[in-house]
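Engineer: Structure below; questions to follow.
The values are calculated or read from the model by the stated rules, or taken from the named source; none is laboratory data. For clarity, every value in this text was computed on a predicted model and none was experimentally measured. When the accessible area is computed, the model is the full protein with side chains, heavy atoms only, and any ligands, DNA or RNA have been set aside. Shrake-Rupley method; radii C 1.70, N 1.55, O 1.52, S 1.80 Å.
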Amino acid sequence: MRIRAMVIRIIRQFLRDKRTIGLMLIAPMFILWLMSLVFDGNEYTPTIGMVDVPDMLLEQLEEENVELLSINQEEAEAKLTEQEIDAFIIMDQNVPHISLEGSDPTVNKAVLLSIQQAFQQLENEQQSLIKPEFTYLHGSDEMALFDNIGPFLIGYFAFFFVFLIAGVSFLRERTSGTLDRILSTPLKRWEMVIGYALGYGIFTTVQATIIVFFSIEILDIIMVGSIWYVLLITFLLSLTALTLGTFLSAFANNELQMIQFIPLVIIPQVFFSGLFHLETMAPWLQSLSVIMPMTYGGDAMRDIMIRGGGWADIQIDVFVLLGFSLLFMVLNVVALKKHRRL
């Protein structure tokens, strides 16, 4: 009888919490749907620049899954630097030289596979051995997959844990009555939001520093640019997560409901922030990356750590992340209005 009573109590508790029921039923399907859209996308098609390449080689490459662009050497080098092409081929005394952008091992493999297959067909037709030479603008042929996704993961885990901890902590302030007592004082709402941001910001700065140094010094992730820029981007991601987490906590009644935001807010960041190739997705799906803070954080981290980018390369990402933080701060001020009774 006592066991039955406990079972009935739990069932009634779940039935009263419509959000939990919805999460259990809808969230798994939502995530699986996102994964199907990401992994069932088109195969990545590399773009290769062709600089005075013989017609025979050009014909062989046209049969591969590549997009070819006929340009001169100056244009090829500029487009490779701007990541508008993945590689370019130039002939030097009948020896093909292939220059790869190199920052993404997956793209490198796609380029090399297409080129090697084309050369193999050409060798069979000419009955002669072709030995191309390869150079990398960024990275090398020894660059591991983790070196490519590592910069993204640094920012992502900082974003994830700050979002969760800040949201739950702010929720406890509200449910314990601390928030009501603070709001009963002359303290303005915007002063309270800034105070929380600065207070938690101290710990997020420490967290960002530890994560970055651990990743670079212990895990030996590739690091070409300035570590100070890496710390700046990690801090801005943490600040964005902090302000977003405290804002969403206003719509949760308990810690379980706060955690329920993870499948809706945090997991989509993985799919649409550059960890996977957006070019292989449908255009309407690519547009979702614009509203994802990790899109800008991940892009900046890769520019710094893999490509050695400076302020000119990351300034847009920095300003967008600051914009996200300010937006969520304003929304926090508005959300606090419903909790102020005086």
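Engineer: As a test question: what accessible area, to the nearest 10 Å², does residue 196 have when a 1.4 Å probe is rolled over all protein chains in place?
Structural biologist: Here the accessible area works out near 40 Å².
Engineer: Which value, in Å², gives the accessible area per residue of segment 221-321 when a 1.4 Å probe is used on the protein heavy atoms?
Structural biologist: Result: 37 Å² of accessible area for each residue.
Engineer: Short version: ³J(HN,Hα) in whole Hz for each residue of segment 109-121, in order, from phi by Karplus 6.51 cos²θ - 1.76 cosθ + 1.60 (θ = phi - 60°), x for Gly and Pro, what are they?
Structural biologist: 5, 5, 5, 5, 4, 5, 5, 5, 5, 5, 5, 5, 5
Engineer: On average, how much accessible surface per residue is there in segment 59-164, in Å², for a 1.4 Å probe, leaving out ligands, DNA and RNA?
Structural biologist: 54 Å²
Engineer: Further question on the same structure: Using amide H atoms built in the peptide plane, which far-off residues or other-chain residues are under 5 Å from residue 85 H to H?
Structural biologist: Amide H to amide H, under 5 Å and 5 or more residues apart or across chains, residue 85 pairs with 80.
Engineer: Across segment 285-295, in residue order, what do the Karplus-derived ³J(HN,Hα) couplings come to in whole Hz, using 6.51 cos²θ - 1.76 cosθ + 1.60 with θ = phi - 60° and x for Gly and Pro?
Structural biologist: Karplus-based 3J(HN,Hα) across segment 285-295 equals 6, 4, 5, 5, 5, 5, 9, 9, x, 5, 4 Hz.
Engineer: Does segment 162-217 classify as rounded, prolate or oblate by the C-alpha gyration tensor (a ≥ b ≥ c root eigenvalues; a/c under 1.5 gives rounded; else a/b over b/c gives prolate, otherwise oblate)?
Structural biologist: Cα axes put segment 162-217 in the prolate bin.
Engineer: To continue, here is another question. Ignoring any ligand, DNA or RNA, what whole percent of the accessible area of segment 248-310 comes from carbon and sulfur when the probe is 1.4 angstrom?
Structural biologist: Carbon plus sulfur share of accessible area: 68 percent.
Engineer: Taking amide H atoms as placed 1.01 Å from N in the peptide plane, list the residues 5 or more away in sequence, or in a different chain, whose amide H sits under 5 Å from that of residue 50.
Structural biologist: Hits under the 5 Å cutoff: 69, 70, 71, 89.
Engineer: Which ³J(HN,Hα) values, rounded to whole Hz and listed in residue order, are derived for segment 65-72 from phi using the Karplus coefficients 6.51, -1.76 and 1.60 in 6.51 cos²θ - 1.76 cosθ + 1.60 with θ = phi - 60°, glycine and proline given as x?
Structural biologist: So the J values, rounded to whole Hz, are 7, 9, 10, 9, 9, 7, 9, 8.
Engineer: Counting only residues 5 or more places away or on other chains, whose amide H sits under 5 Å from the amide H of residue 275 once H atoms are built in the peptide plane?
Structural biologist: none
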